[in-house]
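Q: Let me begin by handing over the structure; questions about it come next.
The values are calculated or read from the model by the stated rules, or taken from the named source; none is laboratory data. Quick caveat, the model's predicted, so the values are computed rather than measured. Please note: Cβ atoms are built from the backbone with ideal geometry, for glycine as well, and neighbour counts cover all protein chains shown. Just so you know, the surface numbers come from the protein's heavy atoms only, side chains and all, with ligands and any DNA or RNA stripped out. Shrake-Rupley method; radii C 1.70, N 1.55, O 1.52, S 1.80 Å.
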Number of protein chains: 2
Amino acid sequence: MKAKVFVTLKPSVFDPQGHTIADALHSMGYTGVGDVRQGKYFELELNSLSADQARALALEVADKVLANPVIESYRIEVD
Amino acid sequence: MKAKVFVTLKPSVFDPQGHTIADALHSMGYTGVGDVRQGKYFELELNSLSADQARALALEVADKVLANPVIESYRIEVD
């Protein structure tokens, strides 16, 4: 199974990296782009697990290692 | 409209960051996790554009700014 984990800063947390990208895009003439948020993306290979086990493992790894739940939120897709 | 851009290193490119995460997970006892790849994730707010225009803009921005097509591949979702 493969799990995809998407980690983003919570909406209430300022994202200077995303802000800088948005500024850069505007200065390049991409005025159609408004707010930009940058996050992290992980692809995990999960060996010989059922879908439920894979989801539980991905959730635990995301919560304990990949994301900081104090300031970040995460989303998981398993397939 | 909102565009999500997922950028990952191409499969043929070595990903030391993902490798380090995998090693850390193994040392923490998460032996069910095999290979890990880390990438970047962007959320772009696209102002007053049709779905087709938004997709075209997101593609251009991803190709020219957010990803390095020499070593990275990207995927876009617009909704």
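Q: Kindly indicate whether A:ALA62 is touching a Phe, Trp or Tyr at 6+ places or on another chain (Cβ under 8 Å), within 19 Å of B:THR20 (Cβ to Cβ) and in a helix (DSSP H, G or I).
A: Details: touching a Phe, Trp or Tyr at 6+ places or on another chain (Cβ under 8 Å): yes; within 19 Å of B:THR20 (Cβ to Cβ): yes; in a helix (DSSP H, G or I): yes.
Against the criterion (touching a Phe, Trp or Tyr at 6+ places or on another chain (Cβ under 8 Å), within 19 Å of B:THR20 (Cβ to Cβ) and in a helix (DSSP H, G or I)), A:ALA62 qualifies.
Q: Has region A:21-44 got at least one residue that is closer than 25 Å to B:LYS10 by Cβ, in contact (Cβ under 8 Å) with a residue 24 or more places away in the chain and out of contact with any Gly (no Cβ under 8 Å at 6 or more places or on another chain)?
A: There is at least one residue in region A:21-44 that is closer than 25 Å to B:LYS10 by Cβ, in contact (Cβ under 8 Å) with a residue 24 or more places away in the chain and out of contact with any Gly (no Cβ under 8 Å at 6 or more places or on another chain).
Q: Between B:ALA56, B:ALA67, which is without any contact (Cβ under 8 Å) to a residue 24 or more places away in the chain, open to solvent by less than 70 Å² (accessible area, probe 1.4 Å) and either more than 8 Å from chain A (Cβ to nearest Cβ) or on the phi > 0 side of the Ramachandran plot (or both)?
A: Among B:ALA56, B:ALA67, only B:ALA56 is without any contact (Cβ under 8 Å) to a residue 24 or more places away in the chain, open to solvent by less than 70 Å² (accessible area, probe 1.4 Å) and either more than 8 Å from chain A (Cβ to nearest Cβ) or on the phi > 0 side of the Ramachandran plot (or both).
Q: Of all residues in region B:11-36 being farther than 16 Å from A:LEU57 by Cα and part of a loop (DSSP other than H, G, I, E, B), which is least open to solvent (accessible area, probe 1.4 Å)?
A: For region B:11-36, the residue satisfying everything is B:ASP15.
Q: With respect to B:GLY39, determine if the residue is within 27 Å of A:ALA24 (Cα to Cα), open to solvent by less than 40 Å² (accessible area, probe 1.4 Å) and part of a strand (DSSP E or B).
A: Numbers: within 27 Å of A:ALA24 (Cα to Cα): yes; open to solvent by less than 40 Å² (accessible area, probe 1.4 Å): yes; part of a strand (DSSP E or B): yes.
So B:GLY39 passes the test.
Q: Identify the single condition in (1) facing another protein chain (nearest Cβ under 7 Å); (2) farther than 26 Å from A:LEU46 by Cα; (3) surrounded by 18 or more Cβ atoms within 10 Å (Cβ to Cβ) that B:PHE6 does not satisfy, given that it satisfies every other one.
A: (2)
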